[in-house]
Amino acid sequence: MQLVEHFPVLIVGLSMFTAYTMLLVGFLDRRLPYYIALIMNSFFFILSLFILDYVLTVGPIRYWLGGWRPPWGIEYVVDAMNAYLLIIVISIIILGLIYSRSNVKHEIEERKHVTFYVLVQLMAAGLYGITVTGDLFNMFIWLEIASLTAYALIAVAGGRALRPAYNYVIMGSIGACLYIFGVCWLYAATGTLNMADMRLLLPLLYTDKVVQMGFAMIVVGVMIKAYIFPLHLWQPDCYTWAPSTISSMMASVHVKVMFYILIRLFFSVFTLNFIWQYIRFDILLCWLAAIAILAGSIWAIKQSNLKRMLAYSSISQMGYLLLGLGLSAFSYWGVVGLVAHILNHAVGKGCLFMSAGAFYQKEGLRQIKDCEGLGKRMPFSSAAFTIAAASLIGIPPTAGFASKLFLILASLDAAQYQFVVVLLLSGLLNLIYFWRVIDKIYFVKHEEATKREVERRGDGLPFSMLGPMLFLASLCIVLGFVWLSDLSTPLMNQILANLGVGGSL
Amino acid sequence: MIEWITLHIVEKYNFWIAMIIVIIGLTAVVVKENLLKKLIGLSIFQTAFFLWVVSLGDVGRGDILRTWGLRTGAHPILWKEAAEKGYIYMNPLPHVLMLTGIVVSAATTAVALAIVIRIYQKYGTIEEGELIEKELQFEREGVN
């Protein structure tokens with residue numbers, strides 16, 4: 001067994017261990033937990049690069065915990081999809097940690113800093129765990145760790161964040177309960193909890209009502225966690241009032257990992273054959289996604305609060321992912337669009353929430369109407385906001401353009417032309433709601449703005465906040481070229497092969 | 001008719017009871033205005049799920065489950081032959097799963113109770129209608 005094969009479990013185990021060490025060290029010095037988290041997560045980032053390299057050159061990693069063989073023991077499986085998602089999650093967590101350095105001082109009381117970082121590290125552990133596990137029940141445990149810490153991290157802001165946090169607890173618990181209930185139905189039908197084993201046993205039972213019911217329950221449960229359109233009600237308030245760091249981490253990676261459970265369920269536990277032949281779920285999913293995309297955008301246009309607008313924009317963007325999932329039954333371009341959009345949205349929305357947090361920290365503004373003349377007062381944050389917004393709208397050559405192109409290709413390939421119209425229309429709606437802000441930032445003059453311009457150069461923000469923001473903004477442009485060039489082809493082909501989808505780029 | 005009732009209701013009474021309790025819990029979550037009562041509803045909802053899954057471990061009466069489409073499957077401790085020879089035993093795995101589930105549910109309740117306490121400190125009430133009124137008032141006054 002090679003050393004790399006131990007890395008997935010090392011990442012998860014050390015994350016948990018780090019979290020509790022941070023709590024102990026926090027008694028000595030309040031500033032230490034931040035540095036420990038940063039160092040350890042950077043270490044995990046290096047490990048995850050090795051994992052990706054190994055997965056692309058040798059093949060999937062299968063690690064048996066405690067040496068117990070898979071149908072009985074817990075198995076950690078890392079293929080190209082996991083390794084790709086793991087790198088995204090770890091890098092966004094690191095950038096979020098760097099950003100939080102001066103942001104938490106502004107938004108959270110001093111005495112809560114230690115527990116804040118401990119909870120962030122625990123949430124990260126939960127997210128890494130969901131990403132690497134190959135066992136349905138183990139996934140539930142990590143899902144609950146990630147969710148429980150998320151409830152607490154939203155409530156940590158206090159004040160108006162409390163009621164949304166409570167709603168999230170209730171909705172999230174119902175979602176997790178439905179998930180585990182569905183898993184138990186599948187267990188009752190097959191007698192196994194291991195994904196690979198279940199995939200082998202299920203095809204004989206596809207017409208079985210128990211299996212179909214279990215599938216439906218897991219899908220609804222996970223959809224609550226991933227705020228797919230009709231089940232999104234807890235989300236806008238949470239993202240509006242949570243600390244900016246947490247809004248950015250949750251909108252960019254937390255929800256992606258929740259969505260990843262759906263991907264695993266569709267491709268690794270069930271097969272696409274089941275989705276489109278036995279339950280005819282694919283076209284329903286596409287229409288649900290179309291409604292989510294349009295409804296989220298239209299609600300975003302109505303909002304007056306900046307972070308709330310971004311939250312509704314997230315709902316619409318989750319619709320893109322769902323559309324990719326639905327279209328993957330018809331065409332492998334759907335998977336390509338889905339996989340590309342996971343990264344593009346993580347980068348873009350992370351950057352947008354970070355800039356919104358910067359606006360709030362420096363100028364104390366939460367409403368869109370107060371953004372007047374911000375381009376003069378905070379040039380770098382405004383630039384980052386604009387680039388990320390352009391990426392989400394899908395203006396070439398940004399990253400969002402690439403994923404929208406893939407999704408449009410998928411719709412054309414599947415001969416579902418109505419979704420091309422939906423995608424183009426949503427681009428227009430995205431343009432409308434982002435233009436409301438960009439127009440205020442750059443084209444409306446503010447009397448005090450010119451005065452303050454003389455007083456200070458730049459944003460007046462520390463580099464720990466500007467750095468991650470500008471890095472993500474530049475990534476928005478770089479990724480646009482990466483997706484359209486040949487660089488991403490080996491990874492994408494490997495993901496398509498691992499997910500069992502025919503075709504290659 | 002009587003056969004149908006025997007087969008689907010009487011012999012599977014524990015599943016039916018669990019499902020009825022699930023619905024009671026969910027109704028409490030949706031209908032009740034008081035945040036604590038909602039939480040009690042959530043606890044009932046979760047516990048009833050556990051009850052359902054624990055009933056699943058009863059493979060001694062494997063035939064009943066099989067007629068309903070449930071299979072006992074490859075459980076780790078005992079062989080399938082044991083059931084065929086008529087030994088009465090429980091599949092331990094659902095119990096173990098739900099043991100973990102109980103821990104999770106306790107953690108959820110603890111977090112939710114902590115949040116309810118903070119809400120009471122901030123708003124002075126835990127009735128949902130009054131909370132929304134207060135929030136609208138904050139919105140008008142521009143308080144965060």
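Using Cα pairs under 8 angstrom and six or more residues apart, how large is the relative contact order of segment A:114-193, in percent?
For segment A:114-193, the relative contact order is 29 percent.
Lys/Arg Cβ at +1, Asp/Glu Cβ at -1, dipole of chain A taken about the Cα centre: which of A:275, A:393, A:242 is farthest positive-ward? Projecting each Cα onto the dipole axis, the largest value belongs to A:242.
The packing ranking, built from the mean of other Cβ atoms within 10 Å per residue, places the peptides A:423-432, B:30-39, A:467-476 in the order A:467-476, A:423-432, B:30-39, highest first. Cβ crowding within 10 Å ranks B:51, B:42 as B:51, B:42, fewest other Cβ atoms first. Only the Cβ atoms of Lys and Arg (+1) and of Asp and Glu (-1) were treated as charged; on that basis the dipole of segment A:289-505 about its Cα centre amounts to roughly 580 debye. For the peptide A:157-169, the mean number of other protein chain Cβ atoms found within 10 angstrom of a residue's Cβ is 6. Each residue in A:465, A:22, A:213 was given a count of other beta-carbon atoms within 10 angstrom of its own, and listing them fewest first yields A:213, A:22, A:465. For the pair residue B:37 and residue B:136, a Förster radius of 22 Å applied to the C-beta separation gives a FRET efficiency near 0.45, rounded to the nearest 0.05. Residue A:55: net charge of surrounding residues, Cβ under 12 Å, Lys/Arg +1, Asp/Glu -1, itself excluded? Within the 12 Å Cβ shell, the charges total -2.
Given Cα positions, please report Rg to Rh for segment A:112-268, the hydrodynamic radius being the Kirkwood one. A ratio of 1.01.
Mean partner shielding of peptide B:39-47, defined as the number of other chain Cβ atoms within 10 Å of each residue Cβ, is 2. Only one residue of B:4, A:482, B:91 has its Cα farthest out toward the positive end of the dipole of the protein assembly as shown, where Lys and Arg carry +1 and Asp and Glu -1 on Cβ, and that residue is A:482.
3J(HN,Hα) along segment A:70-85: x, x, 9, x, 8, 10, 9, 10, 10, 10, 4, 4, 4, 4, 4, 5 Hz, from the Karplus curve 6.51 cos²θ - 1.76 cosθ + 1.60 with θ = phi - 60°, whole Hz, x for Gly and Pro. From least to most packed, judged by other beta carbons within 10 angstrom and beginning with the fewest, A:6, A:232, A:341, A:113 follow the order A:6, A:113, A:232, A:341.
Within 12 Å, Cβ to Cβ, of residue A:38, how many net charges do the neighbouring residues add up to if Lys/Arg are +1 and Asp/Glu are -1?
Around residue A:38, the surrounding residues sum to +2.
The phi-based Karplus calculation (6.51 cos²θ - 1.76 cosθ + 1.60; θ = phi - 60°) puts the 3J(HN,Hα) values of segment A:60-67 at x, 8, 10, 10, 9, 5, x, x Hz, whole numbers, x for Gly and Pro. The simple Förster model, with R0 at 60 Å and r as the Cβ-Cβ distance, assigns residue A:110 and residue A:50 a FRET efficiency of 0.95.
Charges at C-beta only: +1 for Lys and Arg, -1 for Asp and Glu. How large is the resulting dipole of the protein assembly as shown about its Cα centre, in Debye rounded to 20?
Around 940 debye, computed over the protein assembly as shown.
Expressed as a whole number of Å, what is the distance separating the alpha-carbon centroids of segment A:267-297 and segment B:1-37? A separation of 30 Å, based on Cα centres.
Relative to the first principal axis of the alpha-carbon coordinates of chain A, what is the inclination of helix A:306-327, with its axis defined by its Cα atoms, in degrees from 0 to 90 and to the nearest 10? Tilt relative to chain A: about 30 degrees. With a Förster radius of 30 Å applied to the beta-carbon distance between residue A:418 and residue A:478, the computed FRET efficiency rounds to 0.35.
Across segment A:247-273, the residues whose backbone nitrogen lies under 20 Å from the label position 7 Å along the beta-carbon direction of residue A:213 are A:270.
Taking 1 over the mean of 1/r across every pair of different Cα atoms in chain A, what Kirkwood radius in Å do you get? Roughly 22.8 Å, rounded to one decimal.
Computed from Cα positions, the angle between helix A:113-132 and the longest principal axis of chain A comes to roughly 30 degrees. Evaluating 6.51 cos²θ - 1.76 cosθ + 1.60 at θ = phi - 60° for every residue in segment B:13-20, the Karplus couplings come out as 4, 5, 5, 5, 4, 4, 5, 4 Hz, glycine and proline recorded as x. Charging the Cβ of each Asp and Glu at -1 and of each Lys and Arg at +1, and nothing else, the dipole of segment A:149-281 about its Cα centre rounds to 140 debye. Could you compute the net charge surrounding residue A:370? Neighbours are other residues with a C-beta less than 9 Å from the C-beta of residue A:370; K and R count +1, D and E count -1. Cβ neighbours under 9 Å give a net charge of +1. Over 21 Å apart at the Cα level, from the set A:225/B:122; A:307/A:440; A:256/B:38; A:302/A:369, are A:225/B:122; A:256/B:38.
All of the numbers you see were taken from the coordinates with simple rules; none came from a lab. Not measured: the values here are computed from a predicted model. Positions of Cβ are generated from backbone atoms using ideal geometry, with glycine treated the same way; all protein chains shown enter the neighbour counts.
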